[in-house]
Amino acid sequence: MKDIKTIIELDDNKIKKVLQIQDVINTVEKGFRKKGSGLVDLTPKMGPKLNIKGAFADSMPVSVFKENGKLEIYGIKWLSAFPDNLEIGLPYLNSLVILNEPECGLPIAVLKGNWITAIRTSGVSAVCAKYLAPKKKEITIGVFGLGIQAYIHVLAFKALFKNPEFILFNHDEKLLRDFLRKLPHEKFKTTKNFHEVVRNADIILSATTFPPKISPYIYEKDLKDDVLILPLEYGTRIDPKLYKCLDAVYTDDIPQYEIKSELKYYFPTNRPKIKNEMGEIVARNYKRGNKSKRILVFNLGIALFDILTADLYIKKLI
């Protein structure tokens with residue numbers, strides 16, 4: 001019988017020390033290429049109903065294959081979100097990632113998924129920016145949200161671009177002070193006017209928690225002609241009138257988008273029809289020209305990148 005040791009690591013801080021942002025960006029890019037090449041199998045998020053307002057849980061299984069069609073790895077992410085956690089000092093999102101090896105199906109790892117999710121999410125945004133951001137020497141990134149996602153996205157964008165500028169939406173002085181302390185050497189611009197954030201941004205990152213209804217920060221009238229919009233909370237921070245002025249809309253997974261877009265809390269009735277995934281963009285080595293475009297990417301969060309990032313962590317331990 002094959003002797004396989006199952007690695008169990010439930011300490012996010014230990015995982016954080018191992019994973020480097022550039023390695024994660026590279027891993028996510030390879031994941032997009034695999035998905036665009038038909039080497040990934042996953043189902044849209046599924047979870048039980050919870051009788052707690054704003055809370056949800058999702059199970060997210062995925063399998064990944066090599067170019068010769070042989071199974072490479074598979075696993076599952078188990079996620080829960082409880083909005084009231086923030087009031088008692090707990091993370092809004094909590095997850096576990098379980099990996100299985102491909103030969104016998106034995107579990108090889110059970111990992112705390114919070115930091116894995118945080119860093120791979122920023123890696124996803126960075127890859128989208130690599131292929132779709134405006135081609136400019138100086139990039140300004142507008143940021144909504146002052147939590148862990150905003151923090152790790154700053155690190156990811158700094159790994160991708162040379163000397164990017166950041167403009168932060170200041171909706172809470174205490175949260176802003178806490179955020180700035182995490183990055184003491186970074187010179188941020190801040191404003192209490194969300195219109196100003198959008199007007200100055202070449203890339204718009206919306207990394208807030210999910211509001212109970214569509215509550216926009218991003219309006220058509222404020223957009224530059226050449227801009228990339230990256231919302232992490234689906235369509236909840238986008239003015240529904242904005243969709244008609246976009247040149248292109250992509251997502252990480254169309255079947256999942258079709259299911260989630262039916263939920264009125266996430267998307268309006270005039271939600272855009274999406275025909276292409278980011279995996280296709282990466283797989284065909286899409287080259288973004290200099291022509292001005294307004295592009296939006298709905299990355300809904302697929303377990304592919306959690307599994308691959310978890311696998312990266314395991315390989316770094318060996």
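The values are calculated or read from the model by the stated rules, or taken from the named source; none is laboratory data. Everything numeric here is computed off the predicted structure, so don't read it as measured data. All Cβ positions, even for glycine, are placed from backbone atoms using ideal geometry, and neighbour counts span all protein chains on display.
Going through the range 299-312 one residue at a time, which ones are over 12 Å from the mean Cα position of the chain (by Cα) and either buried (at least 24 other Cβ atoms within 10 Å of the Cβ) or among the basic types (Lys, Arg) (or both)? Even if it seems obvious, please write down each step before you answer.
Going through the range 299-312, the residues over 12 Å from the mean Cα position of the chain (by Cα) turn out to be 307-312.
Those that are over 12 Å from the mean Cα position of the chain (by Cα) and either buried (at least 24 other Cβ atoms within 10 Å of the Cβ) or among the basic types (Lys, Arg) (or both): Ile307, Leu308, Thr309, Ala310.
From Leu205, Leu232, grab the single residue that is over 22 Å from Phe56 (Cα atoms) and in contact (Cβ under 8 Å) with a residue 12 or more places away in the chain. If you could, list the steps in order and put the result at the bottom.
Details: Leu232 fails: over 22 Å from Phe56 (Cα atoms).
Answer to the selection: Leu205.
Condition first: under 24 Å from Gly142 (Cα atoms) and either small (Gly, Ala, Ser) or crowded, with 21+ Cβ neighbours inside 10 Å (or both). Now tell me which residues in the range 243-266 satisfy that.
Those that are under 24 Å from Gly142 (Cα atoms) and either small (Gly, Ala, Ser) or crowded, with 21+ Cβ neighbours inside 10 Å (or both): Ala248, Tyr250, Thr251, Asp252.
Residues that are at pLDDT below 95 and more than 22 Å from the chain's Cα centre (by Cα): does the range 74-82 have at least one?
Among the residues of the range 74-82, not one is at pLDDT below 95 and more than 22 Å from the chain's Cα centre (by Cα), which makes the answer no.
Among the residues of the range 113-123, count how many are under 14 Å from Gln22 (Cβ atoms) and of a type in the set (A, V, I, L, M).
Going through the range 113-123 one residue at a time, the tally reaches 1.
Sort through Val40, Val18, Val28, Val24 and tell me the only one that's in the same structural domain as Asp311 (by TED's automatic domain parsing) and either more than 26 Å from Ile281 (Cβ to Cβ) or of a type in the set (Lys, Arg) (or both).
Answer to the selection: Val18.
Looking only at the range 59-72, decide whether some residue is touching a helix residue (DSSP H, G or I) at 6+ places or on another chain (Cβ under 9 Å), on the phi > 0 side of the Ramachandran plot and not assigned by TED's automatic domain parsing to the domain that holds Glu186.
Looking for residues that are touching a helix residue (DSSP H, G or I) at 6+ places or on another chain (Cβ under 9 Å), on the phi > 0 side of the Ramachandran plot and not assigned by TED's automatic domain parsing to the domain that holds Glu186, one finds none in the range 59-72, hence no.
Only one of these is within 22 Å of Leu93 (Cβ to Cβ) and surrounded by 16 or more Cβ atoms within 10 Å (Cβ to Cβ): Ala201, Ala156. Name it.
Ala156
Which residues, taken from the range 64-75, are under 21 Å from Ala118 (Cα atoms) and surrounded by fewer than 18 Cβ atoms within 10 Å (Cβ to Cβ)?
None; the set is empty.
Out of the residues in the range 264-318 meeting the condition of being in contact with a helix residue (DSSP H, G or I) (Cβ under 9 Å, 6 or more places away or on another chain) and among the polar types (S, T, N, Q), tell me which one is nearest to Thr208 (Cα to Cα).
Asn299
Based on this model, can you work out whether Asp41 counts as touching a residue at least 12 places away in the same chain (Cβ under 8 Å) and part of a helix (DSSP H, G or I)?
For Asp41, the condition - touching a residue at least 12 places away in the same chain (Cβ under 8 Å) and part of a helix (DSSP H, G or I) - is not met.
Kindly indicate the residue of the range 79-95 that is in contact with a Leu (Cβ under 8 Å, 6 or more places away or on another chain) and in contact (Cβ under 8 Å) with a residue 24 or more places away in the chain and also surrounded by the fewest Cβ atoms within 10 Å (Cβ to Cβ) among those meeting that condition. Please lay out each step first, then the result.
Just the residues of the range 79-95 that are in contact with a Leu (Cβ under 8 Å, 6 or more places away or on another chain), to begin with: 79-82, 92-95.
Those left that are additionally in contact (Cβ under 8 Å) with a residue 24 or more places away in the chain: 79-82, 92-93, 95.
Working: Leu79: 23, Ser80: 17, Ala81: 19, Phe82: 19, Tyr92: 19, Leu93: 19, Ser95: 22.
Across the range 79-95, the extreme among qualifying residues is Ser80.
Filtering the range 216-241 down to residues that are buried (at least 22 other Cβ atoms within 10 Å of the Cβ) and outside any strand (DSSP E or B), which residue is farthest from the chain's Cα centre (by Cα)?
For the range 216-241, the residue satisfying everything is Tyr217.
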